[in-house]
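A short write-up of the structure that comes next.
The values are calculated or read from the model by the stated rules, or taken from the named source; none is laboratory data. In this text, all values refer to a predicted model and were calculated from it rather than measured experimentally. Cβ sites come from the backbone with ideal geometry, for glycine too, and all protein chains shown count toward neighbours.
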Amino acid sequence: MNTQQSQNTNSTTNTANTNAVNISSVEEYFQLVETKVNADSALTRATAETTPQQNANWFDAVPSTFTAAQRAHTTILHAGLTMAHDLFIQSAFRGLGYKVQAMDVPDNAALQVGREFGNRGQCNPTYFTVGNLVKQLQALEASGMSKPHIIENYLFATAGSCGPCRFGTYVTEYRKALRDSGFEGFRVIMFQQAGGMKQAAGQDMGLKIDTEFFLFMSKAIVLGDVLNALTYRIRPYEIEPGRTDAVIKNAKERIAQAFESRKGLLKALWQTRKEIAAIKVDRTQVKPKVAIIGEFWAMTTEGDGNYKMHRFLEQEGAEVDIQLVVNWGLYLLWGAKFDTQTRMQLKGVDKGGRDGSKFALENVNATKKIWMLRTAETFMRGLFYGYAKLLGLRDYHLPDMNHIAQISHAFYDNNLRGGEGHMEVGKLIHNVVDQKVNMTLSIKPFGCMPSSAVSDGVQSLITEMYPASIFLPIETNGDGAVNVYSRVQMQLFKAKQMAERELHEGLAELNLSPAEFKNLVVNSPKFSSASYRSPHAGACTALDVLADIRNHQKPWLLRHAQSTLNIFKRTAHHHKQNTLLAVERAALSFKQRKQPSAEMAVKFVEL
Ligand code: SF4
């Protein structure tokens, strides 16, 4: 600084602040600055010195007290699955003596509320579901209830988890949004999805999680699944438009009533079976079958969370192959069994308690645990197939979770959890190799960590291995529906062409014209009944029907001899082995085409 600048500095300081001390030189000025900085630092240090109490970890209280005495005046809000599931769960709760209200399926308005009150950077299902709760509470307030009244007399029950993805932070998100929207203290009860009956037990608990509760909820979920599976199989082929929806609406009301009154469930199911069987269908229509897979909530919801994709696909002339909620339960049981069996092989002590893992096997009878998990799986499958038989859902196979794990492990390690884990990869391979569907649509929520790794990452490798497969991942963020629809339409066009080509080849083999095929089917009481299902033979339903007709043209004795032989040959087991071999072959040929970039595929053939 030169003399002139120094003089300017002095004069500026003196004129700008009349309270300032007189500074006659630059050195004095710097001295003063240093003194002030030191004083400020000392003050900051003094402020930072806190009491041990102030130093304790930040803790966000989670109000969730619900006592038996509060049961009579407390309404439990819930939502999150399909409309059928939410209705049956509501009725099952009511049948157990609770006041319950199923909320609406989350829509775009719920998403906006979620965005307004939620943290930045959450995955899309968080915004939809958290926003849906706040939206519901705001609606209650708008109807004339005060906030304290709502907080006192309502609570929200939902499923939770400890992670590893954002599912583990849902409870925190609910708390933040509730606090910021003015509903501080509103209770959220989380069932740990892997917690079983250990949680919330006790005489004074408002919610009694006991055997009866599990039985009712299992029935409600499985019946929702069976009814949905029937709906999506029948509706695309109904001859009278709207008939399926009308029958299913009546069925839902009847079944819900039976749950609430705790009587007449079997009668309600039998009545539903008769009404479904009376729906007339024409399954000669060529409709590409589209499997919807992806993140659990995004692929399950029937609202704006996936742009109402199920309905859209049907309107565009597809048959939708939905994922059932019970599959998720089977995956959780598989995971618990897999982890227990792996931990059983540990050499040292599998330490539990504060210093160990909550999944540890120390002081646990592991063999008994495995048997309990097997029993739970048998129960779940038995319940599903029992209700499926009662309602007339034929030839529906729940996935073999070991098989799905086997075919996907080399591409997505079975130990990786979060989202759908390896299941999404296994489903795509299964769909392609076993010609289960014409097209696979993966619904990937915006901001979803596991889906980004799978849909954008691993599935690219699978589709490279199977170039003929039609796979489309779509990202859902609540906006850009037109863009998503147009991408779906483009792939659907290809899938439809593929389905038509396959059917025409089949018809040519049987020397049948499309009109003759239609006549045969529509005039047959068996083939035109909604409750009949031809065994799986190809990717689309029309192809199944054609193969069935071909089979029916064989002499009765030959047909039955073949099916008996199939039982002895353990056809299902051989089929799975063949699928595994086919995946190995595809990986090998991919390796030859793509060396050396195909390391993951190589890993598979080296296993
Ligand atoms: S799987 Fe994805 S969308 Fe679902 S909770 Fe986890 S991060 Fe969110």
Search result, residues across the stretch 507-526 that are closer than 15 Å to K280 by Cβ and part of a loop (DSSP other than H, G, I, E, B): N523, S524, P525, K526
Candidates A336, A366 - the one that is under 27 Å from the mean Cα position of the chain (by Cα) and at pLDDT below 95: A336
Options H504, H430, H397; residue that is surrounded by fewer than 17 Cβ atoms within 10 Å (Cβ to Cβ) and either touching a Lys or Arg at 6+ places or on another chain (Cβ under 9 Å) or part of a loop (DSSP other than H, G, I, E, B) (or both): H397
Complete set of residues in the stretch 113-128 that are within 12 Å of the ligand (Cβ to nearest atom) and assigned to a helix (DSSP H, G or I): N124, P125, T126, Y127, F128
Test: residue in the stretch 332-342 that is within 16 Å of the ligand (Cβ to nearest atom), out of contact with any strand residue (DSSP E or B) (no Cβ under 6 Å at 6 or more places or on another chain), in a loop (DSSP other than H, G, I, E, B) and within 28 Å of G418 (Cβ to Cβ): no
Residue selected from the stretch 438-462 under the condition part of a strand (DSSP E or B) and within 15 Å of the ligand (Cβ to nearest atom), by the criterion nearest to K591 (Cα to Cα): S442
So M197, is it modelled with pLDDT under 75, more than 12 Å from the ligand (Cβ to nearest atom) and not in a loop (DSSP other than H, G, I, E, B): yes
Answer residue from the stretch 527-562, given it is part of a loop (DSSP other than H, G, I, E, B) and polar (S, T, N, Q) and is surrounded by the fewest Cβ atoms within 10 Å (Cβ to Cβ) among those: Q553
Filter pass, V425 being within 25 Å of T342 (Cβ to Cβ), of a type in the set (A, V, I, L, M, F, W, C) and free of Cβ contacts under 8 Å to residues at least 40 places away in the same chain: yes
One residue from G294, G317 being in contact with a Pro (Cβ under 9 Å, 6 or more places away or on another chain) and at pLDDT 95 or above: G317
T126 crowded, with 24+ Cβ neighbours inside 10 Å, of a type in the set (S, T, N, Q) and touching a residue at least 12 places away in the same chain (Cβ under 8 Å): yes
Odd one out for I293, checked against (1) within 16 Å of the ligand (Cβ to nearest atom); (2) without any contact (Cβ under 8 Å) to a residue 60 or more places away in the chain: (2)
Members of the stretch 152-174 that are buried (at least 19 other Cβ atoms within 10 Å of the Cβ) and more than 16 Å from the ligand (Cβ to nearest atom): Y154, L155, F156, A157
Matching residues in the stretch 319-333 - criterion: being within 16 Å of the chain's Cα centre (by Cα) and not aliphatic (A, V, I, L, M): D321, Q323, N327, W328, G329, Y331
